[in-house]
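Visitor: Handing you this structure, nothing more for now.
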Amino acid sequence: MQDRRIIKSMIENDLYKFSMSYYYQRTTPEGIGTFYFTDRNGQTFSDEFVENLRKEFLNLETLALTEEEFNWCLANISYIPRCYFEWLRGFRFDSSIINISLDAEGHLHIEATDNIYKVTLYEIPILSTVSELYYRMYDTGKVDYDFIDAQLAKKTEISNANQLKFANFGMRRRYSHEVEDHVTEYLTRNAKYFIGSSTVYFAMKYQSIRKDLKPIGTMAHELMMATAAFMGPKEANYYVMQKWNEIYGGAMGTMLPDCFTTEVFLRNFSMDMAKLYDGVRHDSGDPFVFGDRIIAKYESYHIDPRTKSIVFSDSLDFERALAIQKYFENRIKVSFGIGTNLTNDVGTVTPLNIVMKLKTFQVNPRQPQYRCVKLSDVAGKELGDPDEIRSYKIILGLSDDNKVN
């Protein structure tokens, strides 16, 4: 019988969800977080959609880490210790913590609250469930895999011809599980410089074809958001870099700079951290300006930028990635995380523009609950309470267009 569940495995999740979950267990084991859903395009949904969504979230409760998955994780994600995966064996999703509603205009609202080391694991399954269910209900056409393959052939040709290294980052806004599966298999067989997938399940599945295929990922904005909520944003980046290194000892050495703008990050990116970390990930703003600034920072410390790397991951297609690679050739190592352009390029739909971010954080139940903020290198893309956003900008010396005063 065909498995109609949208999420089919406990490790069908982004790698950085597991690395951050373990980080929280080590640093704030009593921490409580609330994640909330944001639809940047203001899509409208129906009551029927909400009811079906609730049923799909119930299906999450049937997932459990299998013995095969457990052993594979121990062998291939060795920087996260065995004790974490022992805990994950016993973890079960709880759909009762996922609150879903529609407002009067039909806009979808979703929140999930729990200990942060657990609730962080809900984000990607919730987003990919919303995305796939939407297409199941409202795109009744049959998926044209010939079209998908034709698109993948063009992308693979660009990568192969230019030694362009890339990973699939596309679970959260994919068309479906089946499309991501098909895309990952195609790339595994045909793209020489396809290095892996952020979706751990598919990295495991297709490593049987390509032994060098890896799960890819490090951290997300939520680490800095949670840290800043209880200790302020000025030194949150540095605190996370220190703690991350204490826990992972140099593994997973790619830092995410733009949570409170790259300008603020560069103040925290001291010589010791610049030498310690392998590189950074670009996720907002002009990639060329960003890369130039990162290179200049390394050079200011007399660090050869060619020994460091940038992972570009902001709304990329292969033509854009190639332009970035050519610009930085022989200046710094580059690779690319490409998401929706791989897993939702089916020719019949416009991908949803949905995210799920940390709304509030408590260090423990005895402490106050603080509101979380994410700024950006793109003005107007901030997330959080407007008063809190203004407060952060004042504290950090940022004006409304995110430039330093």
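The values are calculated or read from the model by the stated rules, or taken from the named source; none is laboratory data. All values reported here derive from a predicted model rather than from experimental measurement. Using ideal geometry, Cβ is built from the backbone for each residue, glycine included, and neighbour counts are taken over all protein chains shown. Just so you know, the surface numbers come from the protein's heavy atoms only, side chains and all, with ligands and any DNA or RNA stripped out. Shrake-Rupley method; radii C 1.70, N 1.55, O 1.52, S 1.80 Å.
Visitor: Inside region 365-405, can you point out the residues that are within 21 Å of ARG40 (Cβ to Cβ), among the aliphatic types (A, V, I, L, M), touching a residue at least 40 places away in the same chain (Cβ under 8 Å) and open to solvent by 30 Å² or more (accessible area, probe 1.4 Å)?
Guide: Once the filter is applied, which keeps residues that are within 21 Å of ARG40 (Cβ to Cβ), among the aliphatic types (A, V, I, L, M), touching a residue at least 40 places away in the same chain (Cβ under 8 Å) and open to solvent by 30 Å² or more (accessible area, probe 1.4 Å), region 365-405 yields only VAL378.
Visitor: Which of the residues belonging to region 342-364 are closer than 24 Å to ARG40 by Cα, open to solvent by less than 40 Å² (accessible area, probe 1.4 Å) and not in a loop (DSSP other than H, G, I, E, B)?
Guide: Residues satisfying the conditions are LEU342, THR343, ILE354, VAL355, MET356, LYS357, LEU358, THR360, PHE361.
Visitor: As an exercise: evaluate LYS234 against (1) open to solvent by 40 Å² or more (accessible area, probe 1.4 Å); (2) not in a loop (DSSP other than H, G, I, E, B) and give the number of the one condition it does not meet.
Guide: The single condition LYS234 does not satisfy is (2).
Visitor: Return the residue satisfying two criteria in turn: it lies in region 52-65 and is aliphatic (A, V, I, L, M) and in a helix (DSSP H, G or I), and of such residues it is most open to solvent (accessible area, probe 1.4 Å).
Guide: LEU58
Visitor: Also, quick follow-up: Could you check how many residues of region 292-318 are β-branched (Val, Ile, Thr), surrounded by fewer than 18 Cβ atoms within 10 Å (Cβ to Cβ) and in a helix (DSSP H, G or I)?
Guide: 1
Visitor: Does region 365-399 hold any residues that are farther than 20 Å from VAL355 by Cβ and either of a type in the set (S, T, N, Q) or assigned to a loop (DSSP other than H, G, I, E, B) (or both), and which are they?
Guide: PRO365, ARG366, GLN367, PRO368, GLN369, SER391, GLY397, SER399
Visitor: Out of curiosity, is ALA104 without any contact (Cβ under 8 Å) to a residue 40 or more places away in the chain, open to solvent by 40 Å² or more (accessible area, probe 1.4 Å), more than 22 Å from LYS357 (Cβ to Cβ) and part of a helix (DSSP H, G or I)?
Guide: No; evaluated as a whole, the condition is false for this residue.
Visitor: If we scan region 8-24, do we find a residue that is in contact with a Lys or Arg (Cβ under 8 Å, 6 or more places away or on another chain) and open to solvent by 30 Å² or more (accessible area, probe 1.4 Å)?
Guide: No, because not a single residue in region 8-24 is in contact with a Lys or Arg (Cβ under 8 Å, 6 or more places away or on another chain) and open to solvent by 30 Å² or more (accessible area, probe 1.4 Å).
Visitor: A follow-up question, please. I'm checking my understanding of the structure. Among residues of region 88-101 that are assigned to a loop (DSSP other than H, G, I, E, B) and closer than 17 Å to GLU56 by Cβ, which one is least open to solvent (accessible area, probe 1.4 Å)?
Guide: The selected residue is PHE93.
Visitor: Condition (residue is buried (at least 22 other Cβ atoms within 10 Å of the Cβ), of a type in the set (Val, Ile, Thr) and modelled with pLDDT of 95 or more) applied to region 242-258: is it met by at least one residue?
Guide: no
Visitor: Still on this structure: Kindly establish whether ALA150 is open to solvent by 40 Å² or more (accessible area, probe 1.4 Å), more than 22 Å from ARG26 (Cβ to Cβ), without any contact (Cβ under 8 Å) to a residue 24 or more places away in the chain and assigned to a loop (DSSP other than H, G, I, E, B).
Guide: No: the conditions fail for ALA150.
Visitor: Of THR360, THR350, THR340, which residue is polar (S, T, N, Q), closer than 30 Å to SER131 by Cα and modelled with pLDDT under 95?
Guide: When all the criteria are applied, what remains is THR350.
Visitor: Something else now. Please go through region 191-226 and give me each residue that is of a type outside the set (A, V, I, L, M, F, W, C), touching a residue at least 24 places away in the same chain (Cβ under 8 Å) and part of a loop (DSSP other than H, G, I, E, B), ordered by number.
Guide: Matches in region 191-226: LYS192, TYR193, SER198, GLN207, GLY217, THR218, HIS221.
Visitor: Right, something else. Can you name the condition, by its number, that PHE49 falls short on among (1) open to solvent by 10 Å² or more (accessible area, probe 1.4 Å); (2) in a helix (DSSP H, G or I); (3) not basic (Lys, Arg)?
Guide: (1)
Visitor: If you don't mind, there's one more thing I want to ask. Would you point out the residue of region 267-286, among those that are assigned to a strand (DSSP E or B) and of a type outside the set (Lys, Arg), that is surrounded by the fewest Cβ atoms within 10 Å (Cβ to Cβ)?
Guide: GLY279
Visitor: Which pairs do you get when a residue that is within 15 Å of LEU15 (Cβ to Cβ) and among the hydrophobic types (A, V, I, L, M, F, W, C), found in region 80-97, comes within reach of a residue that is in a helix (DSSP H, G or I) and open to solvent by less than 10 Å² (accessible area, probe 1.4 Å), reach meaning Cβ atoms under 7 angstrom, with the pair 6+ apart or on two chains?
Guide: So the pair list comes out as ILE80/PHE18; ILE80/SER19; PHE85/PHE70; PHE85/CYS73.
Visitor: A further question on this structure: Only one residue in VAL264, VAL289 is open to solvent by 10 Å² or more (accessible area, probe 1.4 Å), assigned to a helix (DSSP H, G or I) and either of a type outside the set (Phe, Trp, Tyr) or in contact with a Leu (Cβ under 6 Å, 6 or more places away or on another chain) (or both), so which one is that?
Guide: Just a single option satisfies the conditions, and that option is VAL289.
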